[in-house]
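Before any comments, here is the structure.
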Amino acid sequence: MVFNSFSFLFFFAIVLGLYQLKWSWRARKIMLLGASYWFYAAFNPPFVLVLWASTVVDWYVAGRMSREENARRRHWLWLSLLANLGLLSFFKYGTFLLANWTALMAVIGIKFVPLNWNIVLPAGISFYTFQSLSYTIDVFRREIRRPPGFLDFALFVSFFPQLVAGPIVRATDFLPQLDEPKQASGAQFGWGLVLVVIGLFQKITLADAVLAPVANQVYNSALIARTYDTWIGTVAFAGQILFDFSGYSHCAIGIAMCFGFILPDNFRCPYAACGFSDFWRRWHISLSSWLRDYLYIPLGGNRKGTIRTISNLMMTMLLGGLWHGASWRFLAWGGIHGFYLVLERGAQAWAKKIGYKPGRKMLALFIVLTFPLICVTWVFFRASTFRQAYHMVVSMAFTSLGPMRSDPAMARTAMLVMAGALVLQWCMRSTTIEAVWNRAPMAVRSVWLSGMIFLIATVPVQEQPFIYFQF
Amino acid sequence: MAAHTFASHRLPAFSMAKLWLQTACLSMGALLVIGAFNLAVDPFDLRFGPSLNLERITAMRPLDTVLWSEGEFRRISPEIWRQTTMIVVGDSRARQLSVRGNIDRFEPLDTGGYLLNLSIGGATYGEIFGTVREMLPRLPQLKAVVMSVPLERIGVDVRDRAPEVYLMGRQPWRYLLNLRTAAQSVQLLMHPHSLPHSSSDDDEGTLEQLAPKPMISTENLDPWGNVIEGKAADFWKKRIERVRWPLVSQRLREQLIPLAAELRAKDIQLIFFFPPLNPELRQYYFEQLQAEHDRYLQSLAAMGVVQDYVSFRPNNLSYRFVDPMHLEINVADGLLRDVLAHSNLGNSSGNQKSDR
C-alpha cells in the first residue's frame, strides 16, 4: 500500500475518520497502532512479526537498562545492538554475505555450496531498526530517563506515515507528542494536505512520469550509452531519486500533520549545496544526522587528529552506503561520498592555513561543481552492476561521443524539468516552502496547488513504488 | 543531539479553508474541461463504435522501448559471451527458437561454442540492426548471424503504443483525464487529415508515404484488446493488410547494406530467416504479396543466405502453431536445428524441404 495508490487514499480516509471520533486518547493511540500494523501487513503480513519482535526487544531492553547501573547497562545495550543489527544483517545482508563468502572460498580453492534461503527483505527494515536503535542508545546515554509505556513505544516504532521510508524519527522528538491528546488544528490539517499534494506531485508527475522513463531508457539498456546519454540519464536519475524520496517525505510529514503529529524535515534543497558536507546537511537529513550522532561522533568525530578524522569520515560514509543496500555498488557510492568529504575537509584546512577566504564567485563555482560530482556518485546507486557503472563513468568523461540514443523529446522535457528544479533549488536554498507560500498572493497559491492536482490526475503514468521502499 | 527543523514551526499564516475552496473549484474545473474536451474529440474513436483507430495509436510514442536489459545480460556468464559463435536476432517469432524451451537465452552447439538468442518480442528492424551492431564487439568468436525477418509493423502491439486506450474499457476516467489523450485530441483538431508521426517511428521508414495503410477494426478483439478465441486468423489477416511493398523500406535497406558488408568483411555468415505462417494465413499472405515477397527475397539474397520457411517446410517437420504467427515451442526447436543445419556451424545434417 503506497501513498500514490487509491487503496492508501481509502485507508487514510478511514483512519482519519476514526481518529476524529471522541474516543479516549489511549483508544485513539491503540487505533493508530492497529492501523500502522495493518498498513505494514499490506506489504507482507508475516513481517509484522519481525516489526513486533524488534519493538518488544527494544522496549524490554530499554526498561531494564533504565533500572540498571553502569556495566550491566552496557550488557543490555549490546543485546539491543545484537538483536537489531542481527535482524538487519540476516534479512538485508544475509544473501550478500553468503555470496561473498562463497566467492572468497572459491578463490582459495574451497567449493562452498550455500543453502538457498531465498530471503525476502521486509519493507523499511533499515528505517525502523535505526529508529528503534536510537531509542535504546538514548536510554543508555540517559538522554531518555523515563521509558515510555509499551503502547507509546510501539506507536513510535511503527507510526505508519514514516514507517517504511522515514524520516527516521528520534524518540526524544516523537514520544513527548504522545503524552497529550493530539488533534490537528485547521491550519495544520490544511497545510498537511498541501504537503501531501506537493509530495504526490514530486513523485507522480516529476519522478515517475518525466524523469524515470529517461533514466530507465539509459540504465535499463544493455547498450553502452554514449556520453550525452549517460549524462542525461544520470541527471534524470538524480532528479528522479530526489523527487521520489523527497515526495515520500513530504507525504509522510503531511499525513502525520493531519493527525496533529510533527515529523522532522528530511530535505532542504540538496542540489543547491555548496560542497559535500553542505549536501549531507540537506539530503536525507534524518539519516545523515543519525549517522553523525550515533556513529561519527561516538567514533571520535574530528576530535582525535587528522588520521582518525579521515578514517571516521570514511567509516561513517561506507556504512551509510551499506545501509542503503547489500551491494558493493552502495559501498562504492558511500566511499566516493566519504572521499569527497575528506577532500573538502583537506581543502578547508589548507585554505584556513594560508588565510584564504572564498569570495561569492568562488562559492557560486562550488555550488555549480557540487551537482555534477554528486551525479557521478548516483551512477553507482543506479547501475545494475559494477561493470555498467564503470562503463557509465568512463562514458561520462567524454570518451564516447556520438549521436544521442535517448528519445530526444523525452530527454528534452526531462532536462528542462531538471534545469527548472535546479534554478528553483538555488533560489530557495536559504528559505523554505512555507516561507515562499506565505509570501505568494492567495490567487497564486490556489493556481499553483490546482496545477499540481491537475497534473497528478492527468499525467499518463503507471503506479510505481517508492525507490526507498527497497531499503 | 540533532538540531532538527520541523515543518509545523513555520505553519503558513493564510486561511487554509479559503485556499482549499479556491483550489477545489479550479482543479475540478480544469479536470472537467479536459475530460469534456477528450470526450468530445474522442481521438481514438472509442465513444462511437467498436473500432480502434490503429493509425492514430501507432503514431503515438510508446511508453518505453523494449530493449535488452542489463539484468538479462548478467544471467549469461562472460565465458559464454566469449565462446558464442552464432546469434539469433528478430522478434517474438525468433525468440521462440530455443532448445531450452524459451527459458535460457543460450545453448551449446554440437560444433563447439554457443548459440545466443538475442531476439526481442515486438522488435522493429531498427532495433534488430542496432542489436547486431552493439553486440559485435562483445562476441569475438562470432561466425554467423541468423536474422529473423519480421513483417514490418506487424509485430507492434497496440497495447504497447497506447496503454491508456486499453484502460477505457475498465477505467474510462483514466482515458478521459489524460494529457496524452488531450495532446492527441489537439493534434487531431489541428491536422484532421494527416496523422502525427512520433520520433520513435522515424526508423520505420517511409512505408506510409508509399502505401497508406487501411484502418484495422477491433472486430476480432475483446474490449481489452485480446484476440477473441477462434478469431486469431482473421485478426492476423487484418494485420497483414498493413504490409505492403516494400516489406522493408528503402531507408532501412540503406542501413542493412553496410551492416551486411561489415559482417562479410569480418567473415561472419548472415542468414535471413523467414519464420513460417499457419496455412490459412500463408495462403492469404501469398495471395496479397506473392510478387513482393519474391522480390524481397532476391534483394536479401544479394546480402546473405536466405532461409524461407514461409514458402518451404522441412520434410521432417509439421508446423503446429499457438496462434497464426507463432509456432509451438518444440516445433520451433526443430526449425532452429534446420536453420543450423544450413549454416556452416550446423548441429545436425540438413533436411530436405517440401514445397509450400
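None of the figures in this text is laboratory data; all of them are computed from the coordinates on show. Keep in mind the model is a prediction, meaning the values are calculated, not measured. Backbone-built Cβ (ideal geometry, glycine too); neighbour counts: all protein chains shown.
Brief remarks on what is shown
- Taking every residue in A:183-191 and counting other chain Cβ atoms within 10 Å of its Cβ, the average works out to 4.
- Shape class of segment A:188-470 from the Cα gyration tensor (axes a ≥ b ≥ c, square roots of the eigenvalues): oblate, since a/c reaches 1.5 or more and a/b does not exceed b/c.
- Peptide-level mean, for A:438-447, of C-beta atoms on other protein chains within 10 Å: 4
- Order of A:111, A:29 under a 10 Å beta carbon neighbour criterion, fewest first: A:111, A:29
- Over 19 Å (Cα to Cα) - which of A:92/A:203; A:29/A:182; A:22/A:182 fall in this group: A:92/A:203
- Taking every residue in A:451-461 and counting other chain Cβ atoms within 10 Å of its Cβ, the average works out to 6.
- Based on DSSP H segments of at least four residues, each scored -39500 (n - 2.57), chain A has a per-residue ellipticity at 222 nm of -21500 deg cm²/dmol.
- Put in line by how crowded their Cβ is, counting other Cβ atoms within 10 Å and starting with the fewest, A:48, A:218 read A:48, A:218.
- Segments A:137-148, B:255-266 sorted - mean Cβ within 10 Å per residue, highest first: A:137-148, B:255-266
- Candidate membrane-span-like segments in chain A, meaning DSSP H helices with Cα atoms spread over at least 30 Å of their own axis and a Kyte-Doolittle mean of 0.0 or above, are A:47-67, A:227-258, A:328-354, A:360-382, with no membrane implied.
- Whole-number percent relative contact order across chain A, with pairs defined as alpha carbons under 8 Å at least 6 apart: 19 percent
- Summing +1 for each Lys or Arg and -1 for each Asp or Glu among the other residues whose beta-carbon sits under 15 angstrom from that of residue A:178 gives +2.
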